[in-house]
Each structure stands twice: as structure tokens, then as C-alpha cells.
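Structure first, commentary second.
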Amino acid sequence: MTKPPSTPIIDFHAHLFPESIRTARERFFNGEPAFRLLYDSPKSRIAGVNDIIAAMDEDGVERSVVFGFPWKSLETTRMNNDYILEAVARHPTRLVGLCCLDPAAEGAAAEVERCLDAGLAGIGELAFYTGGIETVDLDHLAEPMALCRERGRLALIHTNEPVGHVYPGKTPNTLRQIYDLVSRFPENRIVLAHWGGGIFFYSLLKKEVGQRLANVWFDTAASPYLYDRRIWTAARDTIGVDKILFGTDFPLLRAPRYLKEIEASGLSADQRARVLGGNAAELLAGCF
């Protein structure tokens, strides 16, 4: 792929799990309907730190933003977040970690504070897999988002397109709910996963929406499964190339699948450099 060699590739969306979960995932299904939903099938890949470093070396990815899963159990949450902290400590120049949890869980704010104190770059991928993003969910998000805002950290939120085919992990969120989320926290730097469910198209409206999305970025996780490759230029022409963050949803997909698509997308070399790493480097620089 043609790209400026001085621009490293940064993958903004990767999931990691400790060995106890990787080797016996079924032990963690009880009381965790979302985890069962996404990982009940043995075909659903689960990766650890050695897996991602090996894949990054093979695929030419310089850094990855890594996180666990929004567990309901605080004990499992802490275990997964500890694994992320350990992974980042082992590979400080290759990995950037986020604190992942269920914002509604008892002790959620304290866990966010613990992880931010330990050096994680923010919270995410926070997801509401078994329901939409209701007002009560925004209320639960308030304290974690305040902690991120006060410390200059970011928040990565799972969103998805509200129409089209159904697949495991597709939530019943609506565009209104996504819009209410970014409107509720206008001073937070927010990354909406999976192209933000397409909400960026509404930045074409003459009033309000563009301003509401001023502090919002969009990652490309799972894009080859969801969108025609025209999404890359459509996003560039509506929200702007500086708002797009390359993310693979590792281990669901690997970087080469995206790189081939981006090469054929119509983005210029400079624009590809922004998407593949330039935008992420600037956003992450503000977190430390």
C-alpha cells in the first residue's frame, strides 16, 4: 500500500482477554448475557496480548488501542482491566489501554478512577448490547464521563447502524439515542465505534448537528463486513477526513483486509495517512 513511511499505522479498536477467559470462556457466560451473545460460538475469536503483538508485527501496525469487555461482574471487570494494564506495561510503545466496564455496575466510577490513575487513556469500548442507549444509561455514564473530561481522557462508545441485517452484537440503538449521547457530553472527546451508526451523514444539515459532533470521532471497526468501500470517501466528504480513525475490531478482522479496501477507496495518500494513524496520534497525544 502507498503511504508516507513516516506515518505509523494505529489501530484504534482491539479487544484483549486474559488467559482464564480465553481458555474457558463458557465459565464466564453465567450472568453475562452480552458476553454469551457475542462469544458463545467457538468461531468467535478471543485474543491475548501475544496474539495482538504478533499480528501487529506481521501486519505493519505500530500501535493499537486495546480494551476488554463491559462485564456486569465487577470482579471480572477488574480482572480484564488488570490484564489491559499489564499488557500496556509490557508493551508501552505498542499498546494504549482503555478501561472497559458496565457503567451501571456498582463501583463503576471507582474502577474508572483506578484505571485512569494507573495510566489508561480513557474508557471504552463501552457498550449497551442488550438494549439501546436509554436516558438511564446516560445517567450511569455521567460520572465516568466527568472523570474523563476532568483528566483529558477519551471515551469510546459502541454504536451501530439502526437498520439493515441483524448480527450478534448489533444493538437496538437509534440515531436519536446516539445524538442524545453526544449532546449530553459535549465537552468530552468521544469516539463512536463502527462509523457511529452513520450519524455523521447528518453533519450535512445546516443547523446544530455539525456543532454537536465537534468533539466526536468515528472508528472504522468491522467496516468491511458492514459497508461498501464508498463509505471512506462519503465520510471524508461529510464529516471530514480528520475525524476518521482506523480500527479493525481485532481479532474479528486483521489490518490487511482494511488496507486493501482503503487503497481502492479513492482517498489520497495524504488522506490515507491521516486515517491510518495521523488522526489517532493527535487524539491520543492529548490523553497523556
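When we screen Gly131, Gly169 for residues that are outside any helix (DSSP H, G or I), among the small types (Gly, Ala, Ser), modelled with pLDDT under 95 and within 25 Å of Val96 (Cα to Cα), the only hit is Gly169.
Of the residues screened, Arg63 is not one that is closer than 21 Å to Arg114 by Cβ, of a type in the set (D, E, K, R) and surrounded by fewer than 23 Cβ atoms within 10 Å (Cβ to Cβ). Test Thr248 against the criterion of being more than 15 Å from the chain's Cα centre (by Cα) and among the β-branched types (Val, Ile, Thr), and give yes or no. It is false that Thr248 is more than 15 Å from the chain's Cα centre (by Cα) and among the β-branched types (Val, Ile, Thr).
Only a single item in (1) closer than 16 Å to Ala109 by Cα; (2) assigned to a loop (DSSP other than H, G, I, E, B) is not met by Glu150, and it is number (2). Pro33: more than 27 Å from Arg257 (Cβ to Cβ) and in contact (Cβ under 8 Å) with a residue 60 or more places away in the chain, yes or no? So Pro33 passes the test. Reported count of residues in the range 11-58, each being acidic (Asp, Glu) and either in contact with a strand residue (DSSP E or B) (Cβ under 8 Å, 6 or more places away or on another chain) or under 16 Å from Leu101 (Cα atoms) (or both), is 2. Quick check on the range 3-20. Is at least one of its residues assigned to a helix (DSSP H, G or I) and basic (Lys, Arg)? Scanning the range 3-20, I find no residue that is assigned to a helix (DSSP H, G or I) and basic (Lys, Arg), so the answer is no. Between Val66, Val88, the distinction of being in a strand (DSSP E or B), under 24 Å from Arg189 (Cβ atoms) and touching a residue at least 24 places away in the same chain (Cβ under 8 Å) belongs to Val66 only. The set of residues in the range 172-200 that are out of contact with any strand residue (DSSP E or B) (no Cβ under 6 Å at 6 or more places or on another chain) and in a loop (DSSP other than H, G, I, E, B) comprises Pro172, Asn173, Thr174, Phe185, Pro186, Glu187.
Going by what's in this entry, would Ala55 be described as surrounded by 17 or more Cβ atoms within 10 Å (Cβ to Cβ), out of contact with any helix residue (DSSP H, G or I) (no Cβ under 6 Å at 6 or more places or on another chain), within 27 Å of Phe288 (Cβ to Cβ) and not hydroxyl-bearing (Ser, Thr, Tyr)? So Ala55 passes the test. Would you check if Pro251 is over 30 Å from Gly152 (Cα atoms), at pLDDT 95 or above and not hydrophobic (A, V, I, L, M, F, W, C)? No; evaluated as a whole, the condition is false for this residue. Selection over the range 159-190 of residues that are within 22 Å of Leu37 (Cβ to Cβ) and touching a helix residue (DSSP H, G or I) at 6+ places or on another chain (Cβ under 7 Å) gives a count of 9. In the range 111-140, the residues that are buried (at least 19 other Cβ atoms within 10 Å of the Cβ) form Cβ pairs under 7 Å with partners that are among the charged types (D, E, K, R) and not in a loop (DSSP other than H, G, I, E, B), at six or more places apart or across chains, as follows: Glu111/Arg78; Leu116/Arg151; Phe128/Asp137. Is it true that Asp228 is surrounded by 16 or more Cβ atoms within 10 Å (Cβ to Cβ) and acidic (Asp, Glu)? Against the criterion (surrounded by 16 or more Cβ atoms within 10 Å (Cβ to Cβ) and acidic (Asp, Glu)), Asp228 does not qualify. Listed conditions (1) free of Cβ contacts under 8 Å to residues at least 40 places away in the same chain; (2) among the hydrophobic types (A, V, I, L, M, F, W, C); (3) buried (at least 22 other Cβ atoms within 10 Å of the Cβ) are all met by Ala105, apart from (3). Residues of the range 200-217 that are of a type in the set (Lys, Arg) and within 20 Å of Gly152 (Cα to Cα): Arg212 alone. Checking each residue in the range 252-285 for being of a type outside the set (A, V, I, L, M, F, W, C) and in contact with a strand residue (DSSP E or B) (Cβ under 7 Å, 6 or more places away or on another chain) picks out Gly277, Asn279.
The values are calculated or read from the model by the stated rules, or taken from the named source; none is laboratory data. It should be emphasised that the depicted structure is a prediction, and the values quoted were computed from it without experimental measurement. Here Cβ is always computed from backbone atoms with ideal geometry, including for glycine, and neighbour counts include all displayed protein chains.
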